[in-house]
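This report refers to the structure that appears directly beneath it.
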Amino acid sequence: MNKNFLTNYVELALKIGINLQKNQPLVIISPVETADFTRKLVEQAYKIGASEVIVHWSDDFCKKMDFTYKDKPLFKCIPEWQFESLMYYADRGAAFLSIAANDPELLKGIDPEKIALSQKTRNIKFKPYYDKVMANEIQWNILSVPTLAWAKKIFKNCDNEEAIQKLWDAIIYSVKADTPDPIRTWKEHLNTLKEKMDYLNNKQFQELVITNSLGTNLSVKMPQNHIWASGKDITKNNIEFVANIPTEEVFSLPHKYGVNGIVYASKPLNYGGTLIEDFSITFKDGKIISFTASKGEEALKNLIDTDKGSKYLGEIALVPFNSPISNSNILFYNTLFDENASCHLAIGQAYPSCIQGGNNMDSDAMEKNGVNDSLTHVDFMFGTEDLNILGIDKNNKKENIFVEGNWAF
């Protein structure tokens, strides 16, 4: 890999992604397989001025062994220190950077009850931390680095070295680290996304009608005073950051009880090491009333059954079909990339920041305003090249938002 591109990527992660501040702690969550890149992050973070850099390592092999051999009741427990290790630094103003690079089929063949139990237990235990993330109380960022199992899933016919190289090339291109001035390129990109965001916020459409040839026919009502956001977020301490690198989306929250119709997924969903493929979900008054999947249906069921809120949506995100990741024609089997190649919805928790006053709402106020609360937040993709989205305003005036997969304005 070109050393300059790697340096650019590290700089983007720290300066655009989390926007690391001088004397600020940094927590990195990383697979052991990406250790070389993580060490570059650690070194550069200290050079920028981090007061402390803490790395939480994970390992796919050990995770699979746990799920293979551990007794099911043990997945009901998470040691207190694992939760405290995140909250300790979150409460002290740390920034958090996660590397998402797992084997898409790591848990293939594993007892789905173990997987569901583990995910629900973790979601319950870590909810106070996730709430901080969802409310933008801390700077956070997710990016990715190639791992062998992931690369081989995408580039099946390549040898190991070539598969890794092809995935590196695709990632570097999608995050714009191969441009002459990546920091400037990103600032220009974020300004473009802001233009779309501002337009939608000014319009305040009350309803979106979504259709395509897959069979999607979905009506999505938007809450009063909803807010569209884009790639750049800001913490309560007024520090700007970019949660996802790459990012191509403009997103908001649907009204919890205002979604009706059917949506067909346009890409597989990698959920907790299990692939869910060729699936559709039907809604009535916001609630999921039925679903189908050709593969991974039990995993989809377990996701939907996480809690009461996981039967409703928490996010709608708009991404043009004519965008860098989509144009690469690569199915990444990684939500970070696939969701930025396609319009998507999220099952579960809404971002409180996507409605006026949301970060200060208690659970009763969230419910009253149609803001979904849940233990989980899982994106799935529905965008296609023939996707049409119609916006309807308070005067019942209709306007095209997407035509043939792309922005209409």
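Out of VAL259, VAL220, VAL242, I need the residue that is closer than 23 Å to GLU385 by Cβ and of a type in the set (A, V, I, L, M). Which one?
Details: VAL259 fails: closer than 23 Å to GLU385 by Cβ; VAL242 fails: closer than 23 Å to GLU385 by Cβ.
Checking each option against the conditions leaves just VAL220.
If I filter the range 289-303 down to residues being in contact (Cβ under 8 Å) with a residue 40 or more places away in the chain and surrounded by 18 or more Cβ atoms within 10 Å (Cβ to Cβ), which single residue comes out as nearest to ALA116 (Cα to Cα)? Talk me through it step by step, then tell me what you get.
The first filter runs over the range 289-303 and keeps only residues in contact (Cβ under 8 Å) with a residue 40 or more places away in the chain, leaving 298-299, 302-303.
Okay, now just the ones that are also surrounded by 18 or more Cβ atoms within 10 Å (Cβ to Cβ), so 299, 302-303.
Numbers: ALA299: 8, ASN302: 6, LEU303: 7 Å.
Of everything passing the filter in the range 289-303, ASN302 is nearest to ALA116 (Cα to Cα).
Scan GLY296, GLY261, GLY215, GLY273 and give me the residue that is out of contact with any Ser or Thr (no Cβ under 9 Å at 6 or more places or on another chain) and either under 18 Å from LYS394 (Cα atoms) or outside the structural domain of ALA94 (by TED's automatic domain parsing) (or both). Please lay out each step first, then the result.
Details: GLY296 fails: out of contact with any Ser or Thr (no Cβ under 9 Å at 6 or more places or on another chain); GLY261 fails: out of contact with any Ser or Thr (no Cβ under 9 Å at 6 or more places or on another chain); GLY215 fails: out of contact with any Ser or Thr (no Cβ under 9 Å at 6 or more places or on another chain).
After applying the criteria, what remains is GLY273.
Can you list the strands (runs of 3 or more DSSP E) found entirely within the range 356-409 that contain at least 3 residues being in the same structural domain as PHE279 (by TED's automatic domain parsing) and buried (at least 21 other Cβ atoms within 10 Å of the Cβ)? Give the steps one after another, and end with the answer.
Working: elements: 377-381, 388-392, 398-403.
Output list reads 377-381.
Would you confirm whether or not the range 94-104 contains a residue that is within 26 Å of ALA135 (Cα to Cα), of a type outside the set (Lys, Arg) and without any contact (Cβ under 8 Å) to a residue 60 or more places away in the chain?
The answer is no, given that none of the residues of the range 94-104 is within 26 Å of ALA135 (Cα to Cα), of a type outside the set (Lys, Arg) and without any contact (Cβ under 8 Å) to a residue 60 or more places away in the chain.
Here's the yes/no breakdown for (1) at pLDDT 95 or above; (2) touching a Gly at 6+ places or on another chain (Cβ under 9 Å); (3) among the small types (Gly, Ala, Ser):
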site	(1), (2), (3)
MET1	no, no, no
LEU12	yes, no, no
GLN24	yes, yes, no
VAL42	yes, no, no
ALA50	yes, no, yes
VAL53	yes, no, no
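Scan the range 88-108 for residues that are in a helix (DSSP H, G or I) and not aliphatic (A, V, I, L, M) and jot them down.
Those that are in a helix (DSSP H, G or I) and not aliphatic (A, V, I, L, M): TYR88, TYR89.
Looking at the range 166-192, I want the residues that are more than 23 Å from LYS153 (Cα to Cα) and have a partner that is among the small types (Gly, Ala, Ser) with Cβ atoms under 8 Å, at least 6 apart or on another chain. Which pairs are those?
Short answer, once both residue conditions are applied: HIS189/GLY231; LEU190/SER230; LEU190/GLY231.
With the requirement that a residue be closer than 17 Å to ASP66 by Cβ, of a type in the set (Lys, Arg) and out of contact with any Phe, Trp or Tyr (no Cβ under 7 Å at 6 or more places or on another chain), what does the range 114-147 give you? Break it down stepwise before answering.
Quick first cut of the range 114-147, residues closer than 17 Å to ASP66 by Cβ only: 114-122, 125.
Filter once more, keeping what is of a type in the set (Lys, Arg): 114, 120, 122, 125.
Once the filter is applied, which keeps residues that are closer than 17 Å to ASP66 by Cβ, of a type in the set (Lys, Arg) and out of contact with any Phe, Trp or Tyr (no Cβ under 7 Å at 6 or more places or on another chain), the range 114-147 yields LYS120, ARG122.
Mind listing just one residue for me: the one in the range 207-226 that is surrounded by 15 or more Cβ atoms within 10 Å (Cβ to Cβ) and over 16 Å from GLY261 (Cβ atoms) and, of those, nearest to the chain's Cα centre (by Cα)? Even if it seems obvious, please write down each step before you answer.
Restricting attention to the range 207-226, the residues satisfying the condition of being surrounded by 15 or more Cβ atoms within 10 Å (Cβ to Cβ) are 207-212, 214, 216, 218-223, 226.
Next cut, over 16 Å from GLY261 (Cβ atoms) only: 223, 226.
On the way: PRO223: 22, HIS226: 20 Å.
If we take residues in the range 207-226 being surrounded by 15 or more Cβ atoms within 10 Å (Cβ to Cβ) and over 16 Å from GLY261 (Cβ atoms), then HIS226 is nearest to the chain's Cα centre (by Cα).
Of all residues in the range 14-29, count the ones that are under 15 Å from ALA94 (Cβ atoms) and touching a strand residue (DSSP E or B) at 6+ places or on another chain (Cβ under 7 Å).
Quick first cut of the range 14-29, residues under 15 Å from ALA94 (Cβ atoms) only: 14, 17-29.
When the remaining residues are screened for being touching a strand residue (DSSP E or B) at 6+ places or on another chain (Cβ under 7 Å), the result is 17-20, 24-29.
Of the residues in the range 14-29, 10 are under 15 Å from ALA94 (Cβ atoms) and touching a strand residue (DSSP E or B) at 6+ places or on another chain (Cβ under 7 Å).
The values are calculated or read from the model by the stated rules, or taken from the named source; none is laboratory data. All values reported here derive from a predicted model rather than from experimental measurement. In this analysis, Cβ positions are derived from the backbone assuming ideal geometry, glycine residues included, and neighbour counts consider all displayed protein chains.
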